[in-house]
Amino acid sequence: MHELATAPNHHALHGSFHGARGLAVAMTLLVGRSKDARLACELADVRPGAHVVDVGCGPGVAVREAMRRDARATGVDPAPVMLRIARSLTHDRRATWLDGTAEALPIADGDASIVWSLATVHHWRDVEQGLAEAHRVLTPGGRFLAIERARRPEATGHASHGWTDDQAEAFATVCRVAGFTDVAVARHRVRSGTLLSVVGVRA
Ligand SMILES: C[S@@+](CC[C@H](N)C(=O)[O-])C[C@H]1O[C@@H](n2cnc3c(N)ncnc32)[C@H](O)[C@@H]1O
């Protein structure tokens, strides 16, 4: 088996978030995701005044959920179509949408109190670099959160997007190496299935 198949970013080479395919994916990401966004807000303990950076924000469901809790929120995504849809669906002008990747966040050092990446770490090109960036932009004591759909090791196609338990644990190990403390992996039952989360604190 190729080494990438078992890595936390096993879909790093997936390139279908641009153009018409990206538009189709964005439409599917608008359906049934608010529960995941609410779970993210609970796990990251979003409070009024927090600055949430959503890495790989897609069409922006979780950014809008954070803003409902009076947080300031910045969505970052490399796919122009995702950012276009996110902007057009967000009436709250306090939201910021930026072209960027996990590996090169367009955010100043220490400017974020929360960085999360939902259903996206499995697409990061470089996990170590992405975590170094999350660490750089978080203020000391800030929280990092990743959520992925739980998947079976043998899953293929669309069902393979997400993490096995081993991939979540492997990602948690890289988080510790990157300098995050209190790193914890958890499983969550939601109506659409099971989600895996990894949370850590920027020391
Ligand atoms: C499955 S979608 C998830 C979108 C959103 N977080 C959600 O949960 O609805 C994955 C997103 O990650 C973005 N993405 C892909 N590679 C990325 C990278 N290296 N850094 C940041 N985002 C990336 C894609 O453009 C896409 O919008």
Output for the range 135-167, where each listed residue is part of a helix (DSSP H, G or I), in contact with a Ser or Thr (Cβ under 8 Å, 6 or more places away or on another chain), open to solvent by less than 30 Å² (accessible area, probe 1.4 Å) and not polar (S, T, N, Q): none
Report whether or not Ala40 is among the hydrophobic types (A, V, I, L, M, F, W, C) and either within 17 Å of Pro106 (Cβ to Cβ) or surrounded by 14 or more Cβ atoms within 10 Å (Cβ to Cβ) (or both). yes
In this structure, is Ala134 without any contact (Cβ under 8 Å) to a residue 24 or more places away in the chain and within 15 Å of the ligand (Cβ to nearest atom)? no
Could you list all residues from the range 95-119 that are of a type in the set (Val, Ile, Thr), surrounded by fewer than 23 Cβ atoms within 10 Å (Cβ to Cβ) and within 13 Å of the ligand (Cβ to nearest atom)? Thr101, Ile107
As an exercise: evaluate Val177 against (1) in contact with a helix residue (DSSP H, G or I) (Cβ under 9 Å, 6 or more places away or on another chain); (2) at pLDDT below 95; (3) of a type in the set (A, V, I, L, M, F, W, C) and give the number of the one condition it does not meet. (2)
Which residues, taken from the range 137-154, are acidic (Asp, Glu) and more than 10 Å from the ligand (Cβ to nearest atom)? Glu154
Does Ala24 fit the bill of being more than 8 Å from the ligand (Cβ to nearest atom) and of a type in the set (A, V, I, L, M)? yes
Kindly evaluate Leu39 against the criterion of being among the hydrophobic types (A, V, I, L, M, F, W, C), within 9 Å of the ligand (Cβ to nearest atom) and modelled with pLDDT of 90 or more. no
List every residue pair whose Cβ atoms lie under 7 Å apart, where the two residues are 6 or more positions apart in sequence or sit on different chains, the first residue falls within the range 138-155 and is closer than 18 Å to Ala170 by Cβ, and the second residue, located anywhere, is surrounded by fewer than 18 Cβ atoms within 10 Å (Cβ to Cβ) and at pLDDT 95 or above. Ala150/Arg187; Ala150/Thr194
Residues of the range 2-57 satisfying the condition of being outside any helix (DSSP H, G or I) and at positive phi: Gly32, Asp45, Gly49, Gly56
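The values are calculated or read from the model by the stated rules, or taken from the named source; none is laboratory data. Treat the numbers as computed from the prediction; the structure is a model and nothing was measured. As a convention, Cβ positions derive from the backbone with ideal geometry for all residues, glycine included, and neighbour counts pool all protein chains shown. Keep in mind that these areas ignore ligands, DNA and RNA; they rest on the heavy atoms of the full protein, side chains included. Shrake-Rupley method; radii C 1.70, N 1.55, O 1.52, S 1.80 Å.
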